[in-house]
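FYI, it's all coordinate maths here, none of it is from the lab. Predicted model only: the values in this text are computed from it and were never measured. Reconstructed Cβ throughout: ideal geometry from the backbone, glycine too, with neighbour counts over all protein chains shown.
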Amino acid sequence: MTEHVMSARDLRKRYRRGVAVDGVSLDVAPGERVALVGPNGAGKTTTLMMCLGAVRPDAGTVEILGQRTERQRRAVLARVGFAAGYLPLPPHIRVIEYLTMFGRLYGSPDPKGQARAALDRFGIGHLARAIGTEMSSGQRTLVGIVKATMHAPALLILDEPTASLDPDIALRVRTSLLELCQSEGTALLVTSHNMTEVERLADRVVFLMNGRVIVDGALESVAARLGQSNLEDVYLHLSTIPQASRARRAT
């Protein structure tokens, strides 16, 4: 087994409006659950996109399961799941057909059975015959999460997975994700603005500000290290201190 499921080193990305990611390094161990948090514009989604190979970094490298993503992206992504609330679903294909198609791409011996089991895992088996135009945005988000998890990936990357979900559905998703990670050994890299969700879902938290890692540590130690009572207070504290002071607090 590799020491890290994912290892990103010194990732950098600049757009016309400025620097989005400025030297981010990030490791995710097998089975580890890591939350990437920070304000809008901190560089979270750009970092995820570079890790997935969807955005080419200006500098830096990413290895997933010991393979460089820019060289072996197809082989890497066969072991990775990704979902985000902003990704669309095909509007006129039934959910079960959509998931079965991905089951075949993942090489499942029983793609339709795998699709039904994945829907049941998240309690939405009743949506199997629905098409995209018949579902709410929250239901479409759920189907995207099901698609990302149905092949028990070694690494699951989720960008704001519960942002459009009702609280009871978000709780069900968190519970199902934890069960998947524990039963399959799946590592999780997730972004969220919900600090309560982070506390329930992750065992390690990485704070980004202005494209840089400011704090990276075990969930239970970060708040105490910064003299705060919980992650929400940590977030507010880091958002208000001067940028130069933030840099001194990194890792």
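State, to one decimal in nm, how far the label point of His237 lies from the label point of Arg104, with both points 7 Å from Cα in the Cβ direction.
Computed distance between label sites His237 and Arg104 equals 5.4 nm.
Quote to one decimal, in nm, the extra length available between Glu179 and Glu97 on full extension: 0.36 nm per residue of separation minus the C-alpha distance between them.
27.0 nm
Given contacts defined as C-alpha pairs under 8 Å and at least six residues apart, what's the relative contact order of region 65-221, whole-number percent?
Here the relative contact order equals 23 percent.
Nearest 0.05, what FRET efficiency do Arg200 and Asn40 give at R0 = 22 Å with Cβ-Cβ as r?
0.50
What is the distance in Å between the Cα centroid of region 86-142 and that of region 22-58?
Each part's Cα centre sits 27 Å from the other's.
Compare the Cα positions of Gln114, Gly211, Thr162 along the charge dipole of region 6-248 (+1 at Cβ of Lys, Arg; -1 at Cβ of Asp, Glu; about the Cα centre) and return the one farthest towards the positive end.
Gly211
Test of the criteria: in region 46-108, which chymotrypsin sites (Phe, Trp or Tyr not before Pro) are in a DSSP loop and have at most 15 other Cβ atoms within 10 angstrom of their Cβ?
Filter output for region 46-108: Tyr86.
Rg and Dmax of region 1-64, using alpha carbons, in Å: what are they?
11.9, 41
For Lys112, which aspartates and glutamates qualify as cross-link partners when the Cα separation must be under 13 Å and same-chain residues fewer than eight apart are set aside?
Counting by Cα, and skipping residues close in sequence, Lys112 has these aspartates and glutamates nearby: Glu97, Asp120.
Given a Förster distance of 22 angstrom, what is the FRET efficiency for His193 paired with Asp120, based on the Cβ-Cβ distance and rounded to 0.05?
That pair, His193 with Asp120, gives E of 0.15.
Taking every eigenvalue of the Cα gyration tensor of region 36-148, multiplying by 5 and rooting it, what semi-axes result, largest first, whole Å?
Equivalent ellipsoid semi-axes, largest first: 28, 19, 11 Å.
Roughly what % antiparallel, to the nearest 5, for the DSSP beta bridges in region 6-248?
Counting only bridges with both partners in region 6-248, antiparallel ones make up about 55 percent.
Bin all alpha-carbon pair distances of the chain at 10 Å intervals from 0 and give each bin's fraction as a whole percent.
Whole-percent P(r) values from 0 Å outward: 7, 31, 35, 21, 5, 0.
Let me have the 222 nm mean residue ellipticity of the chain computed from DSSP H runs of 4+ only, each contributing -39500 (n - 2.57), with the sum over all residues rounded to the nearest 500.
-11000 deg cm²/dmol
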